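Each reported figure results from applying straightforward, stated rules to the coordinates on display, with no laboratory input. These numbers were taken from a predicted model, which means no experiment stands behind them. Neighbour counts are summed over all protein chains in view; Cβ atoms, including those assigned to glycine, are modelled from backbone coordinates with ideal geometry.
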Amino acid sequence: MAYTRYRGDPYWKRAKADGVSVDGSAYKRGERVFFYPRTGAIYAGDAAQRASAEFDELAALEG
């Protein structure tokens, strides 16, 4: 995608520990999660795919 990246934009990363995503689904250490650094929200599994797609759509509308 060709859009301007800003500090605080969400990104994909590997979970450093087991946890629970915002929607209540559990994820394991090492699993790919979608992370929002400004709020600390973590999305895993299908919710992560949806959150990433939604962010990409909104970012594309910006410019």
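Details
- Any pair with Cβ under 6 angstrom, 6 or more apart, that starts in segment 12-36 at a residue that is at positive phi and ends at one that is loosely packed, with under 13 Cβ neighbours inside 10 Å and part of a strand (DSSP E or B): G30/R14
- Any hit, segment 45-59, residues being in contact with a helix residue (DSSP H, G or I) (Cβ under 8 Å, 6 or more places away or on another chain) and of a type outside the set (G, A, S): no
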